[in-house]
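S.K.: Before I ask anything, here is the structure I am working with.
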Amino acid sequence: MPDSQNFTFETEMADPAAPKHNPNGLSESQNDVLRYTPPKHLKRIGIGAGALALVVVGIGLAGRMVAASKVQDWTADQAIPVVKLIAPAGPSAGHDLVLPGSLQAYNNAPIFAQVAGTILKWHVDIGAKVKSGDVLAEIDPRSYRAALDQARGQLARDTASLANAKDNLQRYQSLAKQNAISSQQLQNQESTVESNAGVVAADRAAVEAASINLGYTRIVAPFDGVVTSRSVDIGNFVAAGNASGTPLFTVSDQNRLRLYVRVPQGYSAQVVPGTKASFTVPEYPGRSFTATVGASASAVDSSSGSVLVQLLADNSEKLLKPGSYAQVRFAFTAPAVSAEIPSSALIFRNGGMAVAAVGPKNKVVFRPVEILRDNGATVQLASSFERGERIIDNPPDSLGQGDEVRVASKAAGRN
C-alpha cells in the first residue's frame, strides 16, 4: 500500500473554453435568464416600510392611551351625582285648606215604639213640621188602659188593708199600756202595718208604670223639627224597643246644622273653637255659607291621621239639608318666618328630617329642618333659608356630607 504521507493529487485542469458542467442540463445563458437578481433599492424600501409600521404602531398605542385616559375621565365624571335644584319659596300671605264635610241635623231622633201593640193611626208624613209633643201615631191603648185600672184597683185594696192594720195597731198599743196583751202581739201588729205600707208603695209604683205605658201608646215628637222618615202604617204590629231595626219615624231639628270635617293633624292646632269657615253645597253652585267651629274631638284618628271637628251652621232659611255633602274652606295665614319647599326635597337622616343644599365648590351640606305644616305636595318649614340657597330636589339616599355633585339645571322658583 502506498504510504499515506506520499499521497499525490492530480488536479485536472479544466479547459476554459469548454462549457461548464450544469447539473440541470441548462446552459449558462439559460441559467442567467432564470436567475433572479434583486433590485438595488429594495433594501431601502424595506427599511422605509419597517419605519412606517413602527410609526403606525406608535400612533395606535398613543391613541389607545388617550382613549383610555378619556374613558377614565368620563367614568370619574359619571361617578359624580347629577342633581336638580329648587328655589325655596319665602313666606306667603296664606293659603286655603279645602276639605270634604258632611252636614247633619243639630238634633236627629229615630223614633221607636216603647210599648208593643197595633198601630191604630198615624198623623204625620215625611216633610211635616212638628212641635215638641205633637202626636205622630197611636198604638191600640186598650190593654194598657186595663192594666192601669187593675193597678189602681190593687192599690185601693192594699190601701184599705193598710188603714185597717193601722187602726188595729192603735188598739194594740192601748192594750199594751194596760198590760192586757203581750209585747210580742204588739210587735207582730207593728210588722203587719209596715208590710202593708210596703205593698201600698209597690202598688203606687205599678199604677205609675201602667200610666206611663198607656202614655207610650201615643207616639209623640221629642222636639220641634221636621219628619224625615215614616215606616209605619195602620194595622202594623210594632214591638217595644228594637233600636237595631227600622225606626217608625225620624224627626230632625234643621234650624241649625252640624258640619263634620276631618282636619289633617298638621292643621288641627289652628282649627280651634270659634274659627270661621266657609262651605259650599252642590245644589247651590256659586253660593257660599258660613260656619263656626264648635268642638273638636281633640284626638287623632290613627287610621286617617286626622282630627274630627264639628262646625255649627245657621239654617234659618231652610236651604241646607241634613246628610248633604259640603266642601269646607279654611283660610290660614302663614307664619312670618317660614319657607315652603316640595315634599320631594326632604331626606330623613339619623338626626331627623333635613334638606340637602349645594354649598361652595358644589359640595353637599345637610341642613336640619322642622316641618310646620304638611300641604301634601309641599311642606312649610318653621324657618327660612338664606337668599339664593340652592336646595337639591329628590336627593339620593347615598349622598353624604361634603360629597361633590353636578348641577343639572338652574333652580326653578314656584309659581
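The values are calculated or read from the model by the stated rules, or taken from the named source; none is laboratory data. As the structure is a computational prediction, the values presented were derived from the model and not from experiment. Cβ coordinates were reconstructed from backbone atoms using ideal geometry, including for glycine residues, and neighbour counts include every protein chain displayed.
S.K.: Any residue in region 177-184 that is in contact (Cβ under 8 Å) with a residue 12 or more places away in the chain and of a type in the set (S, T, N, Q)?
M.R.: Looking for residues that are in contact (Cβ under 8 Å) with a residue 12 or more places away in the chain and of a type in the set (S, T, N, Q), one finds none in region 177-184, hence no.
S.K.: In addition: Output the qualifying pairs, or none if there are none: Cβ atoms under 8 angstrom, residues six or more apart or on different chains, first residue in region 275-292 and small (Gly, Ala, Ser), second residue not in a strand (DSSP E or B).
M.R.: 278/288
S.K.: Residue by residue through region 117-133, note down the ones that are assigned to a loop (DSSP other than H, G, I, E, B) and surrounded by fewer than 17 Cβ atoms within 10 Å (Cβ to Cβ).
M.R.: Listed by number, the residues that qualify are 123, 125, 126, 127, 131, 132, 133.
S.K.: While we're here: Being more than 33 Å from the chain's Cα centre (by Cα), over 15 Å from residue 124 (Cα atoms) and part of a loop (DSSP other than H, G, I, E, B), is that true of even one residue in region 246-265?
M.R.: yes
S.K.: Among the residues of region 203-248, write down those that are among the aliphatic types (A, V, I, L, M) and surrounded by fewer than 14 Cβ atoms within 10 Å (Cβ to Cβ).
M.R.: 205, 209, 212, 234, 239, 240, 243
S.K.: Moving on. So if I check each of 165, 137, 201, 206, which one is aliphatic (A, V, I, L, M), touching a helix residue (DSSP H, G or I) at 6+ places or on another chain (Cβ under 9 Å) and at pLDDT 95 or above?
M.R.: 206
S.K.: Among the residues of region 95-103, is there at least one that is at pLDDT 60 or above, under 33 Å from the mean Cα position of the chain (by Cα), of a type in the set (Ser, Thr, Tyr) and within 19 Å of residue 247 (Cα to Cα)?
M.R.: no
S.K.: State yes or no: is residue 150 modelled with pLDDT of 95 or more and exposed (fewer than 14 other Cβ atoms within 10 Å of the Cβ)?
M.R.: Judged against the criteria, residue 150 is a match.
S.K.: Here is a further query. Return the only residue of 234, 219 being more than 36 Å from the chain's Cα centre (by Cα) and farther than 21 Å from residue 109 by Cβ.
M.R.: Just a single option satisfies the conditions, and that option is 234.
S.K.: Please determine whether any residue of region 159-170 is in contact (Cβ under 8 Å) with a residue 40 or more places away in the chain, closer than 20 Å to residue 115 by Cα and part of a helix (DSSP H, G or I).
M.R.: Within region 159-170, not a single residue is in contact (Cβ under 8 Å) with a residue 40 or more places away in the chain, closer than 20 Å to residue 115 by Cα and part of a helix (DSSP H, G or I).
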